[in-house]
Structure formats: C-alpha cells, structure tokens
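The values are calculated or read from the model by the stated rules, or taken from the named source; none is laboratory data. In this text the structure is predicted, and so the values were computed from the model without any measurement. Cβ: placed from backbone, ideal geometry, glycine included. Neighbour counts: every protein chain shown. For the accessible areas, the whole protein counts, side chains as well, though only heavy atoms, and no ligand, DNA or RNA atoms are used. Shrake-Rupley method; radii C 1.70, N 1.55, O 1.52, S 1.80 Å.
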Amino acid sequence: MTEEAWALIAPILPAQRPRGRPRTTNLRAVVNAIFYLLRTGCQWRLLPREFPPWGTVYHYFRSWDDAGVWVQMGRALYEQARVAAGRAPCPSVVIMDGQSVKTTERGGTRGFDAHKRVKGRKRHILVDTLGLPIACRVEPADISDRRAGARLLGGLSSLFPRIRTVFADAGHESRKLARDLLHWNGWKLQIVKRQQRAFKITGLTWIAERSFAWLGRNRRLSKDYEYRVQTSELMIDLAATRLMLNRLASR
C-alpha cells in the first residue's frame with residue numbers, strides 16, 4: 001500500500017490493548033500480506049518471507065473478521081469514495097447481477113448451474129451506478145437468481161435508506177420478489193430483458209458486469225478456492241475494499 005492508502009485505513013484498525021504484551025507485529029505488513037494473497041492467489045503457507053509469518057497474518061485476518069473490522073472498513077471507504085466522486089454517501093439506484101464460478105477439490109457447499117454448465121458456486125453482487133460493490137452473497141450454483149437476490153437484498157434497507165430502484169436481468173424476474181421489495185422497503189424492481197435493452201438501460205446492466213471484471217483482477221477470485229462460503233464472501237468484500245482504496249489513494 002502507498003502512504004495515502006495506509007493513512008485511510010490505519011485509523012480503522014483496532015488499537016493495541018492497554019494491558020498485556022506489547023504488540024510487535026507491523027499491521028501495515030499484515031494488510032499488505034492479505035492484499036498480496038488476494039491479488040496473486042497464493043496459498044496462506046506460501047506467503048513470501050518479507051511478510052510476517054503466515055500464521056500471524058491468518059490470525060489477524062480471522063480476528064478482524066470476527067470483530068467486524070473488515071465490514072467497518074468497507075463501509076467507511078465506500079462512503080468516502082462516493083463523496084469523492086461528487087455523489088451522496090448513500091445510493092438511490094443499484095444494480096444486481098450474478099456470476100457462476102468453479103470450485104476446487106477442497107469441497108464445501110456447491111451446486112451445478114445447468115444454464116452456464118458450471119459446477120461450483122454463484123457470486124451475487126449489488127453495485128451502485130459507479131460500479132462500487134455494496135453487498136455480496138455466495139450461494140451454490142444451483143440456487144435460482146430469484147432466491148439468491150431476495151437473500152442478497154434482505155436487511156439492506158436500514159443500511160441504505162435512499163435506495164429506490166433495483167435493476168436486474170431477467171433471471172431475477174419474480175412477482176413475489178418485486179411485491180415484497182415494494183411492500184417492505186419501498187423499492188422498485190426493474191427487470192431488464194435482453195430484447196428490450198435500450199442504450200441507457202444497457203449501461204446500467206453493464207455496470208455490474210464491469211464490476212465483476214474489476215474484482216476478477218484478483219487471482220484469488222479466478223475460482224472459488226474457499227471451503228466456507230462465508231470466506232468466499234469475505235474475499236469479495238476485501239477485493240471491493242482494495243478497489244475503493246486504490247481509487248481514493250489515486251486522487
């Protein structure tokens with residue numbers, strides 16, 4: 001990370017405890033190691049010696065996840081990125097899309113996507129009109145987009161109260177989902193069918209596909225290498241954090 005990027009996230013990381021052994025680990029090196037693993041796709045045990053021991057890095061990776069540090073970091077950087085782009089901190093229009101990916105021999109929850117003919121899992125993301133990821137969910141590939149979309153959007157109204165419209169492709173078309181979103185959240189589900197795509201609508205649906213391409217620059221996401229879907233979701237969140245961090249640090 002650059003000095004500008006580290007200055008953005010350093011205040012978010014937990015401070016050293018007032019009691020106990022003094023901290024000897026360089027937290028900047030820990031974050032660099034985690035981003036290195038995400039970017040290159042290497043295994044935890046194969047982290048270069050320039051970083052702290054892999055066990056130490058993994059300990060911070062898990063403990064910060066349990067403490068909600070990654071969520072807090074992603075939310076703070078997201079609001080800063082929107083403000084820096086001249087937008088309100090909370091979006092009013094969002095786009096939902098999915099991507100099927102293969103899993104590895106490690107096992108874990110998986111399914112078969114008959115449409116894409118992929119055995120593995122499906123990543124579902126929600127992005128704003130800037131292409132910045134808001135939320136993600138990983139499901140077995142045989143779960144329908146309608147069910148996964150309902151789970152993805154559940155509970156987001158309190159975090160993003162300004163959302164009014166959700167764009168999605170035909171795979172998410174569901175009268176029940178549209179009715180529930182309108183009744184409980186006041187959101188309008190706008191389904192974009194391929195034969196009906198006008199120029200402006202194409203741009204909106206393409207934004208989510210571009211976001212998948214941005215996230216795909218991280219080789220850890222080339223397949224789903226994780227055993228637990230919760231870890232898969234965390235890796236996507238970290239890729240989104242890295243995206244927003246680079247965007248803010250380059251300004």
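Tabulated results
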| quantity | calculated |
| --- | --- |
| Residue count, region 5-29 (criterion: of a type in the set (D, E, K, R) and either at pLDDT 95 or above or closer than 20 Å to Glu50 by Cα (or both)) | 2 |
| Filter result (more than 18 Å from Leu152 (Cα to Cα) and open to solvent by 60 Å² or more (accessible area, probe 1.4 Å)) within region 228-251 | Asn246, Arg247, Ser250, Arg251 |
| Per-region count, region 31-51, residues free of Cβ contacts under 8 Å to residues at least 12 places away in the same chain and closer than 21 Å to Thr231 by Cβ | 4 |
| Extreme residue, surrounded by the most Cβ atoms within 10 Å (Cβ to Cβ), among residues of region 204-227 that are under 13 Å from Gly107 (Cβ atoms) and touching a helix residue (DSSP H, G or I) at 6+ places or on another chain (Cβ under 9 Å) | Asp224 |
| Arg117 being on the phi < 0 side of the Ramachandran plot and basic (Lys, Arg) | no |
| Candidates Arg106, Arg28, filtered to the one that is among the charged types (D, E, K, R), in contact (Cβ under 8 Å) with a residue 60 or more places away in the chain, more than 25 Å from Ser157 (Cβ to Cβ) and touching a Phe, Trp or Tyr at 6+ places or on another chain (Cβ under 6 Å) | Arg106 |
| Hey, Arg39 closer than 20 Å to Thr2 by Cα and part of a helix (DSSP H, G or I) or not | yes |
| Condition met for Ala148 (of a type in the set (Gly, Ala, Ser) and buried (at least 20 other Cβ atoms within 10 Å of the Cβ)) | yes |
| Which listed residue is open to solvent by 70 Å² or more (accessible area, probe 1.4 Å) and in contact with a helix residue (DSSP H, G or I) (Cβ under 7 Å, 6 or more places away or on another chain), from Gln80, Gln43, Gln99 | Gln80 |
